[in-house]
Amino acid sequence: MAKNPFKKNPEDAYMINMNESWEVIYWCKKFNCTRDQLTKAVETVGIDPEKVRAYFISLFN
């Protein structure tokens, strides 16, 4: 089945897919960050959204 280009939420909410621009936009909005910040977070801790969330929280502590 083809992916719906109008879908607003990722199918696999347990991972961040940096290869889909709409998913990057989704996660940037979710974490209130830029694409560059999200890229650095994913490079640092991986594609698990909970680890990325913890990474951003640790930046402010």
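The values are calculated or read from the model by the stated rules, or taken from the named source; none is laboratory data. Quick caveat: nothing in here was measured; it's all calculated off a predicted structure. Every residue, glycine as well, gets a Cβ built from its backbone with ideal geometry; the counts of neighbours run over all protein chains shown.
Values for this structure:
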{"read-out": "Enumeration of residues in segment 41-61 that are more than 17 Å from residue 18 (Cα to Cα) and β-branched (Val, Ile, Thr)", "value": "57"}
{"read-out": "Positions within segment 24-57 being part of a loop (DSSP other than H, G, I, E, B) and under 15 Å from residue 10 (Cα atoms), in sequence order", "value": "47, 48"}
{"read-out": "Leading residue by the ranking (surrounded by the most Cβ atoms within 10 Å (Cβ to Cβ)) among those in segment 9-45 that are touching a helix residue (DSSP H, G or I) at 6+ places or on another chain (Cβ under 8 Å) and of a type in the set (Gly, Ala, Ser)", "value": "41"}
{"read-out": "Hits in segment 6-23 (condition: touching a residue at least 24 places away in the same chain (Cβ under 8 Å) and either part of a helix (DSSP H, G or I) or hydroxyl-bearing (Ser, Thr, Tyr) (or both))", "value": "14"}
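For every residue, the table says whether it meets (1) at pLDDT 90 or above; (2) charged (D, E, K, R); (3) within 11 Å of the chain's Cα centre (by Cα).
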site: 1; (1), (2), (3): no, no, no
site: 7; (1), (2), (3): no, yes, no
site: 11; (1), (2), (3): no, yes, no
site: 42; (1), (2), (3): yes, no, yes
site: 49; (1), (2), (3): yes, no, yes
site: 58; (1), (2), (3): yes, no, no
